Amino acid sequence: MDLLLHANALFALAAAVLWGGGDFSGGMGAKHAGGSMGSALRVILVSHATSFTALLLIVWLRGDPFPHGAPLVWGIAAGVTGGLALMCFYVALSRGAMGASAAVSGLLAAAIPAAVSAVAEGSPGLLHIFGFLVAGLAIWLIAAGPNAEAKPASTGTIWLAIAAGIGFGIYFVALKQAGAAGVFWPMATARIGSLSTCSLALIAVMLTAKRNRKSSANTGSLNRRAITWALSTALLDTSGNLLFIAATRAGRLDVAAVLASLYPASTILLAAWMLRERPTRRQGIGMAIAAAAVVMITL
């Protein structure tokens, strides 16, 4: 039991580190592609197509059977909600308000699966519940400080972050259910859902732009730097997702989701390094509180 609990927590924390890097890469890719909804969709499609190809190769080499029934449905549903959430999140990040966007989405992404897990698996215990609350405070302190480009988050950006957080929360729950089919196929089926959804969304964006006689630049275009960021996103995000599935298979969904939702820490640290923003005292306190939360959740 202790071994599974520790594996549950370690996998989730590793997923948080990789997800934070993937989100930063995705936001930068969308920014270099133009910062529009079309830009975000193109980055997601390149990233997820690369990921899907690699996952298909892995399951073929392993000889894993194709999932059927509920795991297949849950996997595709995870991809649909995850694709829409990423689309909203990358646009929010590309607008420069990385801190506020990561904080809002991170809190909702943790809260929704924690509530679902409490209903389905019972109460995790007072210490864990307190740890979840402390982790939520840590997420806010880490991520909601001044953003990398000192731009205030607009109302539209905050709503995008809220939509992303709800989508991520549903994605966590769906991916947990799909995990009954293993680790690699659930992620591959999720990519089917996200590729289909984002392809349709991109077509809609392009048709709308054409109808309004806007230039193709307004729908975004991929240059070399955007593609490089998209490929980086594919590696980091897919690895994080696989670790999250492993975490949910090793223990409770709420523990995995709350710890994995600390991903804004690595997003903000990368923004500080790459965009030359020094972490604030508030963010340092948030990281210390996050460490305390991890201890309480894993005890």
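The values are calculated or read from the model by the stated rules, or taken from the named source; none is laboratory data. Here the structure is a predicted model, which means the values were calculated and not measured. Methodologically, a virtual Cβ is constructed for each residue, glycine included, from the backbone with ideal geometry; neighbour enumeration extends over all protein chains shown.
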Sort through 201, 188, 234, 265 and tell me the only one that's of a type in the set (Gly, Ala, Ser), part of a helix (DSSP H, G or I), in contact (Cβ under 8 Å) with a residue 12 or more places away in the chain and within 25 Å of residue 127 (Cα to Cα). 265
Would you say residue 137 is under 20 Å from the mean Cα position of the chain (by Cα), at negative phi and at pLDDT 80 or above? yes
Please identify the pairs in which a residue from region 40-65 that is surrounded by 15 or more Cβ atoms within 10 Å (Cβ to Cβ) has its Cβ atom under 7 Å from the Cβ atom of a residue that is in a loop (DSSP other than H, G, I, E, B), counting only partners at least 6 apart or on another chain. 42/33; 42/220; 42/222; 43/33; 46/222; 64/182
If a residue has to be touching a Lys or Arg at 6+ places or on another chain (Cβ under 8 Å) and part of a helix (DSSP H, G or I) to count, how many in region 102-138 make the cut? 3
Residue count, region 237-255, condition in contact with an Asp or Glu (Cβ under 9 Å, 6 or more places away or on another chain) and either aliphatic (A, V, I, L, M) or without any contact (Cβ under 8 Å) to a residue 12 or more places away in the chain (or both), comes to 1
Suppose we filter region 55-72 for residues that are basic (Lys, Arg) and either in a loop (DSSP other than H, G, I, E, B) or touching a His at 6+ places or on another chain (Cβ under 9 Å) (or both); how many remain? 0
Which condition breaks for residue 210 when tested against (1) in a helix (DSSP H, G or I); (2) touching a residue at least 12 places away in the same chain (Cβ under 8 Å)? (2)
Determine if region 182-202 includes at least one residue that is surrounded by fewer than 16 Cβ atoms within 10 Å (Cβ to Cβ) and at pLDDT below 90. no
May I ask you to list pairs of residues, at least six apart or on different chains, whose Cβ atoms are under 6 Å apart, with the first in region 14-39 being buried (at least 24 other Cβ atoms within 10 Å of the Cβ) and of a type in the set (Ser, Thr, Tyr) and the second being at pLDDT 85 or above and part of a helix (DSSP H, G or I)? 25/229; 25/232; 25/233
